[in-house]
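Just so you know, all these numbers are worked out from the coordinates, no wet-lab data involved. Source: prediction; values computed, not measured. Virtual Cβ from ideal backbone geometry, glycine too; neighbours counted across all protein chains shown.
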Amino acid sequence: MKISLLTHRIHRRLGWVTDDESTACLVVALEAAGIDVAVHEVANRRDVESLITSAGPNTLFWGNVYDLPSGNGAPPFWLADVFERAGVPYVGSDSVTLRTLIDKDVCQARLAAAGLPVPRYVTLAREPLACEPLAREPLARASELIEAAELTWPVFVKPAATAGSAGIAPESVQHTVAGAVSQSMRVLERFGGRVLVEEFLPGPELTLGVIRDREGGVVVATRVDLHMEGGFLTEQNRRGDFARGATTMTRLDAVPYTDLALEVCDTLDIRDVTRMDGRFDAAGTLKIFDVNGMPGLSPIHSCSVQQIYAVFPEVDRAELHRRFVVSIVASAAERYGLDVPEQVREQRLQDLPRSQIIADP
């Protein structure tokens, strides 16, 4: 089996591996598991289609970006769409799911419609667009809309379509309508698009990781311990926090959260792997506020990998990183009926002692 990893030096910032170091670590993990891997820098649709055409049998594609520019003023194209049209096997969820996950208000609306716990929120935009899937309200009515939403205070203001804590800062927490409106304007000025104003969840914060397989999936659970002022990750303090010890994770029993995590995956049609973040509200209900379509795979910086380290502290970290990557690849390969070498199948996380992971019945 061969992995063809497609990436872009700029647009990879939201991908599985966001820099050269993380990409090199991913390649090392795959090769250590006996998987042939090639990394390709792609700039346009022609590059992607050329790689698909020239690929040999038993090749699994892995897109490290959501979308790329089409040029000539056309909308960006999504790699998963190109893979689907070509009928080739690839890692991760399809573009419908990825679009939902990157668009936080659409994601939360889907989860809420399924009866799953999410924070109460209102979405604001500069102007409403009739073609969009939700009725985003214009910023001119922000004060009225925030008051009508009957949110509990304080509230949390964040961009609707970013990742990696982009746009999250101490001033994201606001205690008045006027403050929430002002922060919304600042976020929209920087990021454009839309902004979410949602109830602030006091915590603690939990991360639930899911690795999909033929039986449904396995779930791991950790508490995120934030040893910093404010008690939540921001854009400025996120990267390097694990290395500095400013953020740590504590292993939890996954049983109380397994059904919720798998319901979220089924509702959103998530394939192979995800990481979802939630916090407890004042009444003690865990509410999901973010679901990740491309969980980071850096062995140093990424929450998903740090979570695996916390769940299996007795196992060498290099082995855990390799097993995590192999589990993702095995899930995708088996879905498409690819020939997965036995040595790969035996290196999944699921093959470790199962005291902290719970299989879907």
Notebook entry, point to check: Among GLY192, GLY63, GLY293, which one shows the biggest mean-square fluctuation in a GNM of the chain, springs joining Cα atoms closer than 10 Å?
Noted result: GLY192
Check: Of ALA161, ALA38, ALA332, which is the most mobile in a GNM of the chain whose springs link Cα atoms less than 10 angstrom apart?
Finding: ALA38
Margin query: Could you work out how much longer the chain between GLU21 and GLU215 gets when fully extended? Use 0.36 nm per residue separation minus the Cα distance between them, nm to one decimal.
Written below: 66.5 nm
Notebook entry, point to check: If the cut-off is 24 Å between C-alpha atoms, which lysines fall inside it for LYS104, apart from same-chain ones fewer than 8 positions away?
Noted result: LYS158, LYS287
Item checked: Long-range HN-HN contacts of GLU205 with modeled amide H, under 5 Å -> VAL224
Next item on the list: Work out how much length THR285 to ASP253 would gain on full extension: take 0.36 nm times their residue separation and subtract the Cα-Cα distance, in nm to one decimal.
Entry: 9.8 nm
Check: Given (i) 21.1; (ii) 26.3; (iii) 32.8, which label gives Kirkwood radius over Cα pairs in Å as computed from the coordinates?
Finding: (i)
Next item on the list: Measure off 7 Å from each Cα along the Cα-to-Cβ vector at SER54 and SER182, then give the distance between these two points in nanometres to one decimal.
Entry: 5.6 nm
Next item on the list: Calculate for the chain the 222 nm mean residue ellipticity that helices alone would give, adding -39,500 (n - 2.57) per DSSP H run of length 4 or more and normalising by residue count, nearest 500 deg cm²/dmol.
Entry: -10000 deg cm²/dmol
Item checked: Potential extension, ASP81-ASP277 segment - 0.36 nm per residue separation minus Cα distance -> 67.9 nm
Checklist line | the range 1-151: radius of gyration and largest Cα-Cα distance (Dmax), Å | finding: 19.3, 59
Notebook entry, point to check: Helix hunt in the chain: which complete DSSP H runs extend at least 20 Å axially by C-alpha with mean Kyte-Doolittle at least -0.5?
Noted result: 177-191, 255-268, 317-335
Next item on the list: Identify which of GLN108, GLN343, GLN307 has the largest mean-square fluctuation in a Gaussian network model of the chain, with springs joining Cα atoms closer than 10 Å.
Entry: GLN343
Checklist line | Residue order, fewest to most surrounding Cβ atoms within 10 angstrom, among SER182, SER304 | finding: SER182, SER304
Notebook entry, point to check: At what distance in nm do the modelled label points of GLU346 and ARG120 sit from each other, each positioned 7 Å from its Cα along Cα→Cβ?
Noted result: 5.6 nm
